[in-house]
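A.B. asks: Quick one: structure below, then a few questions.
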């Protein structure tokens, strides 16, 4: 019986917040808005590019300008795939992916990051070959926390059982709605305390995941 581990990306496998912050500030400079702090843009991450841009504009009192939002989404997407120079892989991730793959786990990715940038950053770090399936925020008509992307990822792996690994409230809600066990990586982009986030287990060191996963998947 095959089993899968499905991962979120931003804040889970990679710390992409510095690149996203830099890209957002390039937009702000271009359009004459005040720049953001790293903490501000980090709080906008997790629900996809349209939501991210909407948060940026809301913070600059331009939330009602639909034309500007559409323009900024387009401009952001135009440079998103190349925004990898400030991103870092979290400690232990490559070794953990190798360990799980060697133990026979099927690996998949379910992220609200658009599929193109997701594939680009995985390729940049030499991680893309670990993943049988990559579902991005633009793969389906809906995004997380709708459970459909996670369920589609699991189905595409061909696995009978799966666990989802993420770092945020959105990931927790997605897993809960999909009725999939959820492992919370505590060092990512969560906005609330760990006890306030629904999870089946929590961890801070990826070296622990190969031991944790079998406890929740047959």
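The values are calculated or read from the model by the stated rules, or taken from the named source; none is laboratory data. Since this is a predicted model, take the numbers as computed values, not measurements. Using ideal geometry, Cβ is built from the backbone for each residue, glycine included, and neighbour counts are taken over all protein chains shown.
A.B. asks: Taking the condition of being under 16 Å from residue 27 (Cβ atoms) and free of Cβ contacts under 8 Å to residues at least 24 places away in the same chain, how many residues in the range 67-108 meet it?
C.D. replies: Of the residues in the range 67-108, 6 are under 16 Å from residue 27 (Cβ atoms) and free of Cβ contacts under 8 Å to residues at least 24 places away in the same chain.
A.B. asks: Sticking with this structure for a sec: Which members of the range 17-56 meet the condition of being at pLDDT 95 or above, part of a loop (DSSP other than H, G, I, E, B) and under 26 Å from residue 186 (Cβ atoms)?
C.D. replies: Those that are at pLDDT 95 or above, part of a loop (DSSP other than H, G, I, E, B) and under 26 Å from residue 186 (Cβ atoms): 36, 37.
A.B. asks: Right, here's the next one. Take the residues in the range 75-86 that are assigned to a loop (DSSP other than H, G, I, E, B), in contact with a helix residue (DSSP H, G or I) (Cβ under 7 Å, 6 or more places away or on another chain) and closer than 19 Å to residue 137 by Cα, then tell me which one is modelled with the lowest pLDDT.
C.D. replies: Once the filter is applied, the top-ranked residue is 81.
A.B. asks: Identify, from the list 72, 97, 109, the residue that is in a helix (DSSP H, G or I), touching a strand residue (DSSP E or B) at 6+ places or on another chain (Cβ under 9 Å), modelled with pLDDT of 95 or more and buried (at least 21 other Cβ atoms within 10 Å of the Cβ).
C.D. replies: Numbers: 72 fails: touching a strand residue (DSSP E or B) at 6+ places or on another chain (Cβ under 9 Å); 109 fails: in a helix (DSSP H, G or I).
Result: 97 is the single residue among 72, 97, 109 that is in a helix (DSSP H, G or I), touching a strand residue (DSSP E or B) at 6+ places or on another chain (Cβ under 9 Å), modelled with pLDDT of 95 or more and buried (at least 21 other Cβ atoms within 10 Å of the Cβ).
A.B. asks: Just to verify a result, which residue in the range 1-16, among those that are within 19 Å of residue 192 (Cα to Cα) and assigned to a strand (DSSP E or B), is nearest to the chain's Cα centre (by Cα)?
C.D. replies: 10
A.B. asks: I'd like to check which helices (runs of 4 or more DSSP H) are fully inside the range 136-217 and have at least 1 residues that are touching a helix residue (DSSP H, G or I) at 6+ places or on another chain (Cβ under 7 Å) and surrounded by fewer than 21 Cβ atoms within 10 Å (Cβ to Cβ). Talk me through it step by step, then tell me what you get.
C.D. replies: On the way: elements: 148-157, 169-178, 209-212.
Per the criteria, 148-157, 209-212.
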